[in-house]
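Only the coordinates and a few stated rules stand behind these numbers; no lab work does. As the structure is a computational prediction, the values presented were derived from the model and not from experiment.
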Amino acid sequence: MENNERDFLQEAQKEIAFLKERIAALEEKLAAWEVHAAEVPQEAPEVDFSDVELGVTDALPEPAPTPEPVVEEPVLVPEEPEEPRQPEDPKAPEQPAPAAVAPSASISGYAWSKDNPGILVKNIRSGISLLDRALFIGTLFKEDFNLYDNTIAELNNLHTLDEAVAYIQEHFPEWEMGTDVVYRFMMAVRKKLG
């Protein structure tokens, strides 16, 4: 097992142990409240939970912002006048049509291309929470930590979101670009590539 995998597993195990302790403490408070509620007549005073600190907010990813409806206005492109055609020279060899340039990946239809990614980062790794990292490795990268790690390194070397989308479509054609897990991954990528 490599150091990165070992570190990740140790970090995950510590986080799980911490969360189990917090859950146990909260269950004790809830049990005490239920006993108290059973002893008090029907109109029991409200219990103040303001002193309860869950401690898991740092571990949970921020919820995705609700996207605002995008109203796209049509873009008017002025028509260019046609140039007069030259008569074709029947003796000239037929020239092949210019090669079609592949259009850039169409990303405008996905929510992750429109939503605000949050605070920009210099390294995609720093924009991914521990829980999301586990989610990505388990689902998108088929539990292959090295594939995840190498992909993040490659994406960190790119300069635009179009390059990142092209890379992902080439290397991971099976990804459904409209799913929630891909949304979360692409929002992390956008924290670096905009």
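Net length available on complete extension from Glu154 to Arg125 is 9.3 nm, with 0.36 nm assigned per residue and the Cα-Cα distance removed. Once you have a ≥ b ≥ c as the square roots of the Cα gyration tensor eigenvalues for region 111-194, tell me rounded if a/c is under 1.5, and otherwise prolate or oblate according to whether a/b is larger than b/c. Rounded, because the longest to shortest axis ratio a/c is under 1.5.
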